[in-house]
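Novice: Following this message is one structure expressed as structure tokens.
The values are calculated or read from the model by the stated rules, or taken from the named source; none is laboratory data. Since we're looking at a predicted model, the values are computed, not measured. FYI the Cβ positions are ideal-geometry reconstructions off the backbone, even for glycines, and counts take in every protein chain you see. Heads up: the accessible areas ignore ligands, DNA and RNA and are worked out on the full protein's heavy atoms, side chains in. Shrake-Rupley method; radii C 1.70, N 1.55, O 1.52, S 1.80 Å.
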Amino acid sequence: MCGRLSQYRGIHDFVAALSMPGALINNVGDQPQGRYNAAPTMQLALFHAAENNLRADAVRWGCRPHWATDCPAPINARVEKVAHGPFFRQIWPHRAICPIDNWFEWVDEGGPKKQPYLIRHRDSSPILCASIGQLPGQDRSEHEGFVIITADSEGGMVDIHDRRPVVLTPDLAREWLDPATPKERTEQMALHQGEPAEAFEWFKVDRAVGNVRNQGSDLTNPVD
């Protein structure tokens, strides 16, 4: 995953896709998120559960332990080691869902510049990315942030990139967010139950997406 995604729908569209019962604590507002070209360090809408409620908060994309001061904050965590590796082991229990519309990858096709591709659900429905982080309400405000869990690409998608987000179906996403779900179960979900490559489609988009200052719905349109 190359570190660029879109999150442009309104939070209630994402909530409807998640279909999680209970009250929503909405700290991101009702307007469309409008991020067609979101990059690391940006504040993105993130779902997490707290006190029997679903919370939607704006959280920084990128997270590192408080002791890791000599390296940039990662934006992704490899599913193969995230639950037990020292870097993310302490925040593994702090599960979240980053709802997105699509993400981008860059492919070397032999030209002077790499070609960006957009990846989305075949039915254009919201994508629910398994995430963990140091989240609002945990008395860690100076270290708040999250990472998206990634796995090896499968099938044809490996031609686009060798890593991709672990995307959960709505029923698994609800289970992922439930604080009562055992750690062992969530590890198996992340390792083995992400949506398959067949659930997605991808196509070339304009190279303008490479400049994070460029925003707008035209960045998500296919090009020849």
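Novice: Looking at the chain, what % of its DSSP beta bridges pair antiparallel, to the nearest 5?
Specialist: Details: 37 of 44 bridges.
Taking every DSSP beta bridge within the chain, about 85 percent pair in antiparallel fashion.
Novice: DSSP loop trypsin sites (Lys or Arg not before Pro) in the range 154-224 with at most 16 other Cβ atoms within 10 Å of their Cβ, which ones? Show your work: numbers first, answer last.
Specialist: Details: sites: ARG163, ARG174, LYS183, ARG185, LYS204, ARG207, ARG213; in loops: ARG213.
For trypsin sites (Lys or Arg not before Pro) across the range 154-224 that sit outside H, G, I, E and B with at most 16 neighbouring Cβ atoms in 10 Å, the list reads ARG213.
Novice: Identify which of GLY111, GLY194, GLY137 has the largest mean-square fluctuation in a Gaussian network model of the chain, with springs joining Cα atoms closer than 10 Å.
Specialist: Answer for the Gaussian network model of the chain: GLY111.
Novice: Using a simple spin-label model with points 7 Å from Cα along the Cα→Cβ vector, what separation in nm is obtained for GLN90 and ALA58?
Specialist: Here the modelled spin labels are 2.7 nm apart.
Novice: Any chance you could look up the accessible area of MET157 with a 1.4 Å probe, heavy atoms only, rounded to 10 Å²?
Specialist: Around 10 Å² of this residue is reachable by solvent.
Novice: Quick one: net charge of LEU168's neighbours, Cβ under 15 Å, K/R +1, D/E -1? Kindly include the intermediate steps, with their values, before the conclusion.
Specialist: Values: positive: ARG95, ARG164, ARG174, ARG185; negative: ASP171, GLU175, ASP178, GLU187, GLU195.
After counting each charged neighbour, the total is -1.
Novice: Just how much of VAL15 is accessible, in Å², when a 1.4 Å probe is used and the result is rounded to the nearest 10?
Specialist: For VAL15, the solvent-accessible surface is approximately 30 Å².
Novice: Within the chain, what's the longest run with no GluC sites (Glu not before Pro) in a DSSP loop and at most 16 other beta-carbon atoms within 10 Å? Give the range, please. Mind dumping the intermediate values first?
Specialist: Working: sites that count: GLU51, GLU80, GLU109, GLU154.
Looking at the chain, 155-224 is the longest stretch - no exposed GluC sites (Glu not before Pro) with at most 16 other Cβ atoms within 10 Å.
Novice: May I pose another question? Rank PRO40, PRO179, PRO112 by mean-square fluctuation in a GNM of the chain with C-alpha springs under 10 angstrom and give only the top-ranked residue.
Specialist: Sorting by GNM fluctuation, first place goes to PRO112.
Novice: Full-extension gain between SER19 and ARG78, please, as 0.36 nm times their residue separation minus the C-alpha to C-alpha distance.
Specialist: 18.5 nm
Novice: Here's another thing I want to ask about it. Between GLU109 and ASP218, what is the label-to-label distance in nm when each label sits 7 Å out along the Cα-to-Cβ direction?
Specialist: It is 2.0 nm.
Novice: What shape does the range 20-74 take by its C-alpha gyration tensor, where a ≥ b ≥ c are the square roots of the eigenvalues and a/c under 1.5 counts as rounded, a/b above b/c as prolate, and the rest as oblate?
Specialist: Oblate shape, in that a/c is at least 1.5 and b/c is the bigger or equal ratio.
Novice: I'd like the trypsin sites (Lys or Arg not before Pro) in the range 1-94 restricted to DSSP loop residues with at most 16 other Cβ atoms within 10 Å, sorted by number.
Specialist: Values: sites: ARG4, ARG9, ARG35, ARG55, ARG60, ARG78, LYS81, ARG89; in loops: ARG4, ARG9, LYS81.
Here the sparse-neighbourhood loop sites are LYS81.
Novice: As a test question: what accessible area, to the nearest 10 Å², does ASP101 have when a 1.4 Å probe is rolled over all protein chains in place?
Specialist: 10
Novice: Give me the lysines in straight-line cross-link reach of LYS81: C-alpha distance below 28 Å, same-chain residues under 8 apart excluded.
Specialist: Cα-Cα hits under 28 Å: LYS183.
Novice: Please report the relative contact order for the range 39-184, taking Cα pairs under 8 Å with a sequence separation of at least 6, and give it as a percent rounded to a whole number.
Specialist: Values: 271 pairs, mean separation 35.4, N = 146.
Relative contact order of the range 39-184: 24 percent.
Novice: Once neighbouring chains are kept in place and the probe is 1.4 Å, which whole percent of the accessible area of the chain is contributed by carbon and sulfur?
Specialist: On the way: 4980 of 10590 Å².
It is 47 percent, rounded to a whole number.
Novice: Using just the helices of the chain, give the 222 nm mean residue ellipticity in deg cm²/dmol: DSSP H runs with n ≥ 4 each add -39,500 (n - 2.57), and the total is spread over all residues, rounded to 500.
Specialist: The helix-only estimate for the chain comes to -3000 deg cm²/dmol at 222 nm.
Novice: Net charge near PHE88: determine it from the other residues with C-beta under 10 Å of the C-beta of PHE88, scoring Lys and Arg +1 and Asp and Glu -1. All intermediate terms of the calculation are to be shown ahead of the outcome.
Specialist: Details: positive: ARG64, ARG78, LYS81, ARG89; negative: none.
That works out to +4.
Novice: With a 1.4 Å probe and all protein chains left in place, how much accessible area per residue does the range 79-217 have, in Å²? Don't jump to the answer; show the numbers that get you there.
Specialist: Values: 6410 Å² over 139 residues.
Dividing the accessible area of the range 79-217 by its residue count gives 46 Å².
Novice: So, one more: Classify the range 1-141 as rounded, prolate or oblate from the Cα gyration tensor: take a ≥ b ≥ c as the square roots of its eigenvalues, call it rounded if a/c is under 1.5, otherwise prolate when a/b beats b/c and oblate if not. Walk me through the numbers on the way to the answer.
Specialist: Working: a/c = 1.89, a/b = 1.12, b/c = 1.69.
In terms of gyration-tensor shape, oblate.
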